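Below is one structure, written out as structure tokens, with a few remarks after it.
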Amino acid sequence: MHRRITGKLVIATHNPGKLAEMKELLAPYGIEAVSAGELGLPEPDETGNDFRSNAAIKAIAAAQATKLPAFADDSGIVVDALDGAPGIYSARWAGPAKDFAAAMAQIERLLQERGATTPDKRTAHFVSALCVAWPDDHLEEVEARVDGTLVWPPRGTAGFGYDPVFLPNGHDRTFGEMTSIEKHGLPPLGLGLSHRARAFVKLAEICLDPR
């Protein structure tokens, strides 16, 4: 049976961009949210072999540490011509310095090496797995994706991570060129376009009550 989120919620992330998106998504529901980073919680080792497992690892660790419900996302970009890489290692490709410009350049080098120079050979998708964990081990889990192609050079300075090279299907601007409302705003303000927004819609249906 699904469980509703009430009261205070820990957002289990140390990523400022991801934190901002998750807070914006939660705002219409009146949920009081604090981040794992603000609480000084350590980042658990992400030892799962898929996005869903890693989201659960982060949510469970934060819930156990704070004795509060905890909300975590694990997301990344999956590039078809690279056999699904970087996938769950998307953040790690940016290294300890979180240098996503270098990570995007690495993807481009690999695509060029494989002759992936036309849009039909540069297909990719973003995946977002969301998990809410309670201290009594109850879990709610959802997952969603958004499909697109990779462009080069990167376009736009909005968003974060790999957004500047990802052109979602049916659009002429990258995630890096879209405002936050355009990228992940929910109706009626936005289209709920991003992978995280699409996953959040699923989660809201089962766990959240509008104000």
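The values are calculated or read from the model by the stated rules, or taken from the named source; none is laboratory data. No experiment lies behind these values; they were computed from the predicted model shown. Every residue, glycine as well, gets a Cβ built from its backbone with ideal geometry; the counts of neighbours run over all protein chains shown.
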_Go through (1) touching a residue at least 12 places away in the same chain (Cβ under 8 Å); (2) closer than 30 Å to MET1 by Cβ; (3) outside any loop (DSSP other than H, G, I, E, B); (4) out of contact with any strand residue (DSSP E or B) (no Cβ under 7 Å at 6 or more places or on another chain) for LEU186 and report which single condition fails._
(3)
*Quick check: anything in the stretch 165-178 among the β-branched types (Val, Ile, Thr) and in contact (Cβ under 8 Å) with a residue 40 or more places away in the chain?*
yes
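Where residues in the stretch 4-28 are basic (Lys, Arg) and exposed (fewer than 15 other Cβ atoms within 10 Å of the Cβ), which of them is nearest to SER128 (Cα to Cα)?
Filtering the stretch 4-28 down to residues basic (Lys, Arg) leaves 4, 8, 18, 23.
With exposed (fewer than 15 other Cβ atoms within 10 Å of the Cβ) added as a condition, the list becomes 4, 8, 23.
Working: ARG4: 20, LYS8: 23, LYS23: 16 Å.
Here the residue is LYS23.
So which residues in the stretch 1-57 are among the hydrophobic types (A, V, I, L, M, F, W, C), more than 18 Å from GLU205 (Cβ to Cβ) and free of Cβ contacts under 8 Å to residues at least 40 places away in the same chain? Even if it seems obvious, please write down each step before you answer.
Here is the first cut: in the stretch 1-57, the residues among the hydrophobic types (A, V, I, L, M, F, W, C) are 1, 5, 9-12, 19-20, 22, 25-27, 31, 33-34, 36, 39, 41, 51, 55-57.
Pick out the ones that are also more than 18 Å from GLU205 (Cβ to Cβ) and you get 10-12, 19-20, 33-34, 36, 39, 41, 51, 56-57.
LEU19, ALA33, VAL34, ALA36, LEU39, LEU41, ILE57, listed by residue number.
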*For residues that are among the aliphatic types (A, V, I, L, M) and buried (at least 23 other Cβ atoms within 10 Å of the Cβ), scanning just the stretch 149-188, find the one that is nearest to PHE100 (Cα to Cα).*
VAL165
*For the stretch 169-183, enumerate the residues that are in contact with a Leu (Cβ under 6 Å, 6 or more places away or on another chain) and either part of a loop (DSSP other than H, G, I, E, B) or modelled with pLDDT of 95 or more (or both).*
THR174
_If I go through the stretch 37-55 residue by residue, how many of them are surrounded by 13 or more Cβ atoms within 10 Å (Cβ to Cβ), more than 16 Å from the chain's Cα centre (by Cα) and assigned to a helix (DSSP H, G or I)?_
2
*Total residues in the stretch 151-168, condition assigned to a strand (DSSP E or B) and out of contact with any Leu (no Cβ under 7 Å at 6 or more places or on another chain)*: 1
